[in-house]
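Okay, so here's the structure we're looking at.
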Amino acid sequence: MEAVCMKIHKIAFLAGLGLVLSGCAPSPTFLSPASLIADHEASLYWEILIETISIFILIIGAFIWIFIRDRDRGGKKIVPPQLYGKLAWALIPLLAIILLDGADFVAMAQTMFAVAPPAAATQDIQLHIIGHRWWWEFDYQNQHIKTANELHIPVGATVQITLDSVDVIHSFWVPQLTGKTDVIPGQTNHMWITSDQVGEFLGQCTEFCGTEHAMMRIKAIVQSQADFDAWVADQQKLALQPQTAQEQAGYTLVTTLCASCHSLNPSEPEFKTGPNLAHLFSRSTFAGATYDLTEENIRLWLKDTQTMKPNNDMNLQLAPQEIDQILAYLKLLK
Ligand code: CUA
């Protein structure tokens with residue numbers, strides 16, 4: 001009895017812990033959809049889950065029923081009726097499989113057509129997403145702005161997206177907004193987003209792409225058209241010029257040490273290895289959307305990027321005074 005109680009306690013504890021953890025760390029899931037695509041995916045998921053659970057219950061129920069019906073009743077050997085040569089016993093399951101699989105096929109095909117990219121003419125925003133080890137570049141081709149890791153889109157808009165990689169295979173996935181799409185060097189893939197919900201939605205690279213694969217995240221910010229327009233107008237502004245001597249010194253360091261990998265031009269036409277810095281401090285995260293973008297974190301980053309994100313391409317040895325100067329300038333870049 002005591003052992004049974006211990007077991008129940010353990011199960012209750014684990015179930016409670018699971019509930020607490022799932023409450024504490026809301027993980028992004030397509031089951032709380034915020035877009036047309038995730039809506040379709042979630043409906044298909046529930047449909048098939050309910051179907052498979054029903055079949056599971058029917059089959060296990062039948063097993064249990066037969067075990068009970070034909071159990072050993074104290075020595076009396078009862079042989080259940082043996083059925084041979086009945087074609088119906090083969091045809092019924094066959095028919096059931098054909099019907100169920102047919103229904104699943106139709107549901108899946110409907111979903112595939114529903115999430116297929118709309119005609120190229122239907123677009124409010126043309127977005128080019130480029131995968132880098134280990135961050136995301138977002139190039140708003142009609143607005144002529146480039147940003148990194150944080151994606152802004154207006155609610156209700158049709159965003160036509162092309163995806164490319166400059167190095168290895170990545171995969172773009174913001175579960176609440178869109179299905180996974182591989183990002184492959186030498187091959188342009190396409191996808192789209194139409195979100196019906198204002199909010200912030202997290203995503204993650206879902207194709208192993210090296211040591212910092214886990215630090216290749218995405219923050220998608222769906223906002224009202226007015227907020228989006230204001231964001232675009234801010235991003236289109238040129239990077240601010242330094243004013244104080246400290247900022248001036250930082251600007252000189254950034255344009256000499258950082259310019260080969262980072263641009264200060266928000267519309268940066270040329271290819272760069274690292275994220276565009278023109279409006280760095282307008283973002284809430286950095287380093288593949290894995291760290292909060294705060295003054296302290298950027299200071300730590302400048303001190304030692306390799307501890308915060310080992311193997312990333314940035315490797316600078318800066319004196320404390322240089323870090324202060326660079327930070328003074330970068331803080332202007334809102
Ligand atoms: Cu990029 Cu994993």
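The values are calculated or read from the model by the stated rules, or taken from the named source; none is laboratory data. Because the structure is a prediction, the values reported are computed rather than measured. Using ideal geometry, Cβ is built from the backbone for each residue, glycine included, and neighbour counts are taken over all protein chains shown. When the accessible area is computed, the model is the full protein with side chains, heavy atoms only, and any ligands, DNA or RNA have been set aside. Shrake-Rupley method; radii C 1.70, N 1.55, O 1.52, S 1.80 Å.
Would you pick out the residues in the stretch 195-211 that are part of a loop (DSSP other than H, G, I, E, B), among the charged types (D, E, K, R) and either surrounded by fewer than 17 Cβ atoms within 10 Å (Cβ to Cβ) or more than 16 Å from the ligand (Cβ to nearest atom) (or both)? Selection gives ASP196 alone. Here THR256, THR252 are screened, and the one residue that is farther than 20 Å from GLU212 by Cα, modelled with pLDDT of 90 or more and exposed (fewer than 13 other Cβ atoms within 10 Å of the Cβ) is THR256.
Considering the conditions (1) surrounded by 14 or more Cβ atoms within 10 Å (Cβ to Cβ); (2) farther than 29 Å from ALA120 by Cβ; (3) among the hydrophobic types (A, V, I, L, M, F, W, C); (4) within 16 Å of the ligand (Cβ to nearest atom), LEU264 is excluded by exactly one of them, (4).
Restricting attention to the stretch 158-183, the residues being within 12 Å of the ligand (Cβ to nearest atom), open to solvent by 10 Å² or more (accessible area, probe 1.4 Å) and not polar (S, T, N, Q) number 7.
Here ASN276 meets each of (1) more than 20 Å from VAL232 (Cα to Cα); (2) crowded, with 18+ Cβ neighbours inside 10 Å with one exception, condition (1).
Quick grid of which residues meet (1) in contact with a Cys (Cβ under 8 Å, 6 or more places away or on another chain); (2) within 16 Å of the ligand (Cβ to nearest atom); (3) open to solvent by less than 40 Å² (accessible area, probe 1.4 Å); (4) aromatic (Phe, Trp, Tyr):
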site: GLY85; (1), (2), (3), (4): no, no, no, no
site: PRO93; (1), (2), (3), (4): no, no, no, no
site: ILE97; (1), (2), (3), (4): no, no, no, no
site: PHE113; (1), (2), (3), (4): no, no, no, yes
site: PRO117; (1), (2), (3), (4): no, no, no, no
site: ILE125; (1), (2), (3), (4): no, no, yes, no
site: ASP139; (1), (2), (3), (4): no, no, yes, no
site: ASN142; (1), (2), (3), (4): no, no, no, no
